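Below is one structure, written out as C-alpha cells, with a few remarks after it.
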C-alpha cells in the first residue's frame, strides 16, 4: 500500500490544499507516519481492491479495462481528505510540545503563546466533525457510484439486512444519515438479526420478509412487522456499537446526551468505561422493551402468515 500523496514531491502543498492552515514549507517526512497509519485504516474500510484502484489512478498507472478514470480520480480526492484531517488529529498533540535531552517542554516566545486547553479541545472537536463528514462523503460516493464496492462484505451485508441504507436506519435511530456510522454499525445489525429476530420469527418467515423487501412486494402484515423489527434492531445494534466502536464514528447527539457540556480533553476520552456502560444499559433497556413489543405484535397478527418460532429455534 502506498499513501496517495507526494507523487510529484509536493506533499505538503497537497496537505495544505485540504487543511489551509498548514504551512507548505513544513517537512513532509514528519507527517508520513501518521498518513500511512490512517491510510491503512481507510483501506480496511473501503477494501484493499478499491484502494488499489485509487492508488493506480494517483500514480498514473494503468487501470483495469473499462474503468471510469474520471470517477476513480474523484475517488482519490475523496480518500485524501479524511486521511489528511485524521492524520493531523493523530499527530498534533505530540507536535504541540518540544522534545529534547531534558524531556518534554512547550513552545513559547514573545511572538507565540500557548493556547488554553479549551481552545485545543474546541479545534479538535471541529476537526473531528469535519473528518466524520469527509468519511461520510467517501462512503456515500462508494455506495452510489463505485461498482466494485458492491462486491465488498459491507455492501452484501447491507443488501441482505432489514436496512438497505443509512437513510433507512436514520428513520428508526438518528445517525444524521451518516454512511460512515452505518457502515460501522452494520455488523451489529446482522448480529441482532441472527440472535434476536430469528428467535422470534421462524427462519423461513424472516427470509421471506427479506426477499419481499428486496422485491418491493411486502404484505401489510410484513410491513407492520418490519417496522417493529427495525426499531428493535436499530436500538440494540447501537447499544452494542457504543461498547465496541470509537466514539468518533458514533452520532454526536448520542454521546453529548450522556457527556453534557464537558470541554476538557480528559472528559472526552473514549476510554471512559462508565460512560459507555451508562449509554449501553439505557439502550439495552429500550431494546428489550421493543423486542417484547415485537413478540406481542407477532401474536396479534395472522400466525399462519408470520408464525412465531419456538423459543429455542434459530
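The values are calculated or read from the model by the stated rules, or taken from the named source; none is laboratory data. What you see is a predicted model, and the numbers here were worked out from it, not measured in a lab. Glycine gets a Cβ as well: all are built from the backbone with ideal geometry, and neighbour counts include every protein chain shown.
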Return yes when residue 207 is within 25 Å of residue 46 (Cα to Cα) and at pLDDT 90 or above and no when it is not.
no
Tell me, yes or no, whether the stretch 235-242 has at least one residue that is modelled with pLDDT under 95 and under 20 Å from residue 290 (Cβ atoms).
yes
Restricting attention to the stretch 3-23, and to residues there that are within 17 Å of residue 76 (Cβ to Cβ) and loosely packed, with under 14 Cβ neighbours inside 10 Å, which single residue is farthest from the chain's Cα centre (by Cα)?
8
